[in-house]
Amino acid sequence: MADRESNPQVIRIGGFLKRSAVNGPGVRSVIWVQGCPIRCEGCFNKDLWSITGGKDVGIRQLFKTIISTSGIDGVTFSGGEPFFQAEALAVLAEKIHSQGLSVMTFSGYPYGLLAGSHERSWNRLMAATDLLISGPYIAQPDFRNPDPGATGKEYHFLTDRIRPGDLDPDSTSALVEYTIGKDGTVLATGFPDATLHHRFHASGTKGGF
């Protein structure tokens, strides 16, 4: 399926967090892209399916924000489906690499489809990704265990910037973060228990990726 590349200098995002310790190894900025053609059953982020949601943000603006954030180890692309905006994310990822930071990308597509694709933009994003976590979403995964049988996801270490040992489950004590914005919006990120997630949304609290 063709990706959304009407303007490769702009990324349609549904959320952004400067610093997170539960979205990959170390401390990372996180971009949740808007739009997903896969729409896995039980998806945690259904609000990010439609490409009409979220907002357009220029790559230059995102890059400036990321490199001005001290103490981060890299950036995580989540969603939504990052390969739906592969060209723009590849451009950003290459800039991120130029600053010595790593790039981690989630995708709902299977690895074989991504690796065997002739889509130039997909190939470019793959080349700019250090750790790819691929495969369809499965409800209630245990992301502390990088075993496809336990998570439904496959971990592909594409460069040496991120190594398997960097995902030591004992290195992070919490799998969920809550961030309260200036406007009172609460952002829940990570991998909360499903019951907690439903209660969070039922309370009417805004946010939650």
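Values for this structure:
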item: Matching entry among 129, 76 (being buried (at least 21 other Cβ atoms within 10 Å of the Cβ), among the β-branched types (Val, Ile, Thr) and in a loop (DSSP other than H, G, I, E, B)); result: 129
item: Criterion violated by residue 60 - all others in (1) surrounded by 24 or more Cβ atoms within 10 Å (Cβ to Cβ); (2) over 19 Å from residue 162 (Cα atoms); (3) not small (Gly, Ala, Ser) satisfied; result: (1)
item: Any hit, the range 8-25, residues being part of a helix (DSSP H, G or I), touching a residue at least 60 places away in the same chain (Cβ under 8 Å) and out of contact with any helix residue (DSSP H, G or I) (no Cβ under 6 Å at 6 or more places or on another chain); result: no
item: Pair list, Cβ < 8 Å and 6+ apart or interchain, from the range 90-118 residues that are more than 13 Å from residue 66 (Cβ to Cβ) to residues that are of a type in the set (Lys, Arg); result: 90/124; 104/28
item: Residue within the range 62-76 that is of a type in the set (D, E, K, R) and either in contact (Cβ under 8 Å) with a residue 40 or more places away in the chain or in contact with a strand residue (DSSP E or B) (Cβ under 8 Å, 6 or more places away or on another chain) (or both) present; result: yes
item: Selection from the range 1-28 of residues that are modelled with pLDDT of 90 or more and among the hydroxyl-bearing types (Ser, Thr, Tyr); result: 20
item: Among the candidates 31, 66, 38, residue that is of a type in the set (Val, Ile, Thr), modelled with pLDDT under 95 and either crowded, with 24+ Cβ neighbours inside 10 Å or out of contact with any Cys (no Cβ under 8 Å at 6 or more places or on another chain) (or both); result: 38
item: Residue in the range 107-116 that is closer than 20 Å to residue 13 by Cα and part of a loop (DSSP other than H, G, I, E, B) present; result: yes
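The values are calculated or read from the model by the stated rules, or taken from the named source; none is laboratory data. Since we're looking at a predicted model, the values are computed, not measured. Ideal geometry is used to build each Cβ from the backbone, glycine not excepted, and the neighbour counts take in all protein chains shown.
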